[in-house]
Amino acid sequence: MKKSKLVCLGILLLCFQTGWAQFVIKGQVKNEQGAPASETAIVLNQAQKAIYTNKAGRFTINDVEAGAHQLIIFKYGYTTDTLNIQVPLSEPIEITLSDLSRQLEEVVISQDLASAFGIKRLNMVEGLGIYEAKKTEVIVVDKIQGNVAANTARQVYAKIPGLNIWENDGAGIQLGIGGRGLSPNRTSNFNVRQNGYDISADALGYPESYYTPPTLALEQIEIVRGAASLQYGTQFGGLLNFVMKKGPVEDTFRYSGRLTGGSFGFANAFNSIGGQTGKLNYYAFYDYNHTNGWRPNAESDKHTVYGGLQYALSDKIKVGLEYTFSQYLAHQPGGLTDAQFQDNPRQSNRERNWFRVNWNLLANTLQYTVSPNLRFDYRIFHLDAARDALGNLSRIDRPDDQSEPRNLIRDQYRNWGGEARMLKNFNLLKFNNTLVAGVRYYHGLTHQQQGLANNSANSDFNFLNPGRLEDSDFRFPGQNVAVFAENIFFVNDHWSITPGLRYEYIQTTSNGYYRDIRSNLAGEILFDSTVIEHRENSRGFLLAGVGISYKPDEQLEFYGNISQNYRAINFNDIRINNPSLRVDENLADERGFNADLGMRSFSRIYNVDASFFLLKYNDRIGNILLTESDPRFDNLVNRTVRYRTNLADAVITGMEFYGEVDWLALLGQSMDQRLTTFLNLALIYSEYLTDESLIKGNQVELVPPINAKLGVRYQWKALEVGVQGTFVAEHFSDAANTPAVPAVPTAIEGTIPSYYVIDFSGSYQWDNWKLFAGVNNLTNNFYFTRRAAGYPGPGIIPSDARNLYLGIGWEL
């Protein structure tokens, strides 16, 4: 009896021990040639544990419970594999990776070595786009450290070298970035898209982006430099594509929320839902953003709503529907003179200036996979939007006479377009090749009105005389047809050549009138004439480019490319009546090219991209001060005016470097801790090539010769802290290189003095909750990033002083 009890107790103990036993997973990873695949990421159960193979391609995962588990195997240059296993294993696992260069269809990467650093590159073929041999950067939004609720651009784009960032407001309601000497004004020199379709005001007539998606709603931000001109449009800046989140495929319903509060009355509320039910994936969010502003008269409110649906009609056909609504009202404190900024950068001399935007975007998409080697993609989009700018645009060194009426500029945009693409994989000389070809049609219509509004301080966006405006009333219809193709030709396993062509046809039209009113200094009208105008401009042109890539192994690439660019001038630029600016009505289109030569490599220890670039401009458009006779004094007295025209040819060249190191990984530590430092550095030389004495040999405006960001980040399990420093060297705001001393009274011309900013951020996550906080401009520096010719100035636009934020996020 006693012996039987002991046997039963032993059996129970054995069962108990087996139920809680910990096991080991061992294996080896090889490539298709049978060679060991070192530095391969092995992820257990969706990042529960992650390790890397050694030089022999072997790996060991300790302390694994019995039962079913999933392994994700990833190595750059190879397809990502998912393996379901049952623990304990009877023998070690043998894994063979497939070469990505021989499998060019779209690859979805679940766990990515580069994304651990917060930035990665686009694959050579991704979606229905070719990115081989191009300078590409992808910001992984979930890895951003900083105040993403306020869309703080210097933190969001911290690891993208060479970007000049304008800080227009502390709430981040508008994005202003430019690179390589391109104006950051509302990011107008990039082809700005959301999920692959246009979101700017009018790609032909007014390519400025008044709507920017909330960073919290994004999965990633894709940037392709000037070589994007062949597939995405002719802009010198390249492509900026915001990729929205989708509903999690593993949940039927998931709700996420986030609340953030900060200095100067900043408040943000973000709520989203998403999931997968059957063949339907859905995602929707509502974002509210408010601030009182650091300066007086700087409050703003912004609302953004988005909904996206994707439905799989079959294994081969998927359709989608997306709608975006954004609306904001911003009080604008105006600009400052140099003396006013030195005296008190927080002051405001305008209390009657307002800005309002309404944005409606609708898009329909279709993807058809005929086979792994042949796919089609089609998307059609429509924009119905408006923006109103109200206030006093006169010289900032003159007081705002509140008895005088204000100026109102009203724009309405009715645009639509469609783009169809085809991706074809084919064999040539025993190597797989990929062709992407497509066609695009775009129709834009901008209705622009400018006249007088009442003299109150309220946001009353109504004309005093809508039947006969004091300035102008124009419609700018435009049409664009483009056909493009790019192809990757593999010379061997290491070399590839990617040529491409794009043909563009553009037709722009101007219909309307403007008032030519001249008065003397006493305000008496001397001349008043209504000028009816109808103009048309049609042009067609061919762009070409080529890229070359050499990959000695799967972790290192040398690349180079050169692509032509073109910027079409539009009548909308010509007809604006701005007291601070006069525009040459014979403005010509800009032409030129971008070229890159670089090297990039990454592993679990480091991430590096270093390149040299050359941007050549022909007939660059810019502003210059001219002296002309003043009609108010019968042309007997001269006056100085700002004149916008084709200034000259220009060259901009330099080095862009991004590098990041995980020091603990270098020392062989586990992934529970990470200590990384990054450096983002751009060194740029620019010069005008002309015999015109006013600008001969001058630096190109808006080109900081040194633009650097340095960051340190420490992560221990669920805790993350980081510090980032930004330095931008002194540069000029105008082509004449007007010095800071003596200061120009209007404050529109002059230098942007060098400045530095230090930001601190931290977060901690437990279960489904996350707490985050930070301090921006830690040292409380007073600085500015732009001198505005019109709204939101004119004059110097001060950046925010030290500010704090605190928030909490959750997921249910």
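The values are calculated or read from the model by the stated rules, or taken from the named source; none is laboratory data. Predicted model, so just to flag it, every value in this text is computed and none were measured. A quick note on method: Cβ atoms are made from the backbone with ideal geometry, for glycine too, and the neighbour counts reach across all protein chains shown. Just the protein is used for accessible areas: all its heavy atoms, side chains included, with ligands, DNA and RNA removed. Shrake-Rupley method; radii C 1.70, N 1.55, O 1.52, S 1.80 Å.
Worth a mention:
- In the set 268, 241, 292, only one residue is under 25 Å from residue 164 (Cα atoms) and modelled with pLDDT of 95 or more; that residue is 241.
- Failed condition for residue 27, given (1) surrounded by 10 or more Cβ atoms within 10 Å (Cβ to Cβ); (2) part of a loop (DSSP other than H, G, I, E, B); (3) at pLDDT 80 or above: (2)
- Residues that are within 20 Å of residue 595 (Cα to Cα), among the small types (Gly, Ala, Ser) and within 27 Å of the chain's Cα centre (by Cα), drawn from the stretch 475-519: 485, 500
- The single condition among (1) farther than 30 Å from residue 212 by Cα; (2) part of a loop (DSSP other than H, G, I, E, B); (3) open to solvent by 40 Å² or more (accessible area, probe 1.4 Å); (4) out of contact with any helix residue (DSSP H, G or I) (no Cβ under 9 Å at 6 or more places or on another chain) that residue 426 does not meet is (2).
- Hits in the stretch 412-443 (condition: over 16 Å from residue 130 (Cβ atoms), at pLDDT below 95 and either within 26 Å of the chain's Cα centre (by Cα) or among the aliphatic types (A, V, I, L, M) (or both)): 429
- Which listed residue, of 216, 230, is within 29 Å of residue 777 (Cβ to Cβ) and within 21 Å of the chain's Cα centre (by Cα): 216
- Candidates 186, 258 - the one that is at pLDDT below 95, outside any loop (DSSP other than H, G, I, E, B) and within 30 Å of residue 295 (Cα to Cα): 186
- Verdict on residue 325 being assigned to a strand (DSSP E or B), among the hydrophobic types (A, V, I, L, M, F, W, C) and surrounded by 20 or more Cβ atoms within 10 Å (Cβ to Cβ): no
- Of the residues making up the stretch 30-61, those that are modelled with pLDDT of 75 or more, among the small types (Gly, Ala, Ser) and either surrounded by 14 or more Cβ atoms within 10 Å (Cβ to Cβ) or assigned to a strand (DSSP E or B) (or both) are 37, 38, 41, 57.
- Filtered by the rule that a residue be farther than 19 Å from residue 435 by Cβ, of a type outside the set (Val, Ile, Thr) and either modelled with pLDDT of 90 or more or in a strand (DSSP E or B) (or both), the stretch 472-493 gives 472, 473, 474, 475, 476, 477, 478, 479, 480.
- Set side by side, the residues 462, 480 differ, and just one is over 30 Å from residue 557 (Cβ atoms), open to solvent by 50 Å² or more (accessible area, probe 1.4 Å) and touching a strand residue (DSSP E or B) at 6+ places or on another chain (Cβ under 9 Å), which is 462.
- Test: residue in the stretch 448-471 that is touching a Gly at 6+ places or on another chain (Cβ under 7 Å), closer than 30 Å to residue 350 by Cβ and touching a residue at least 60 places away in the same chain (Cβ under 8 Å): yes
- Any hit, the stretch 199-209, residues being in contact with a Gly (Cβ under 8 Å, 6 or more places away or on another chain), among the hydroxyl-bearing types (Ser, Thr, Tyr) and either within 30 Å of residue 552 (Cα to Cα) or assigned to a loop (DSSP other than H, G, I, E, B) (or both): no
- Number of positions in the stretch 262-320 that are in contact with a His (Cβ under 9 Å, 6 or more places away or on another chain) and within 21 Å of residue 248 (Cβ to Cβ): 2
- Residues satisfying the stated conditions in the stretch 63-91, i.e. in a loop (DSSP other than H, G, I, E, B) and among the acidic types (Asp, Glu): 91
- Flag if residue 279 is open to solvent by 20 Å² or more (accessible area, probe 1.4 Å), of a type in the set (D, E, K, R) and within 26 Å of the chain's Cα centre (by Cα): no
- Some residue of the stretch 388-398 being modelled with pLDDT of 95 or more and farther than 24 Å from residue 797 by Cα: no
- The stretch 606-634 - residue that is among the acidic types (Asp, Glu) and in a strand (DSSP E or B) and, of those, modelled with the highest pLDDT: 609
- Looking at 395, 379, just one residue is within 29 Å of the chain's Cα centre (by Cα) and touching a residue at least 24 places away in the same chain (Cβ under 8 Å), and that residue is 379.
- All strands (runs of 3 or more DSSP E) inside the stretch 715-812 with 1 or more residues being modelled with pLDDT of 95 or more, among the β-branched types (Val, Ile, Thr) and surrounded by fewer than 16 Cβ atoms within 10 Å (Cβ to Cβ): 803-811
- Filter pass, residue 364 being open to solvent by 40 Å² or more (accessible area, probe 1.4 Å), within 25 Å of the chain's Cα centre (by Cα) and more than 30 Å from residue 259 (Cβ to Cβ): yes
- Residue within the stretch 132-139 that is free of Cβ contacts under 8 Å to residues at least 60 places away in the same chain, assigned to a strand (DSSP E or B) and not acidic (Asp, Glu) present: no
- Take the conditions (1) basic (Lys, Arg); (2) out of contact with any Ser or Thr (no Cβ under 6 Å at 6 or more places or on another chain); (3) surrounded by 20 or more Cβ atoms within 10 Å (Cβ to Cβ); residue 295 misses just one of them, which is (2).
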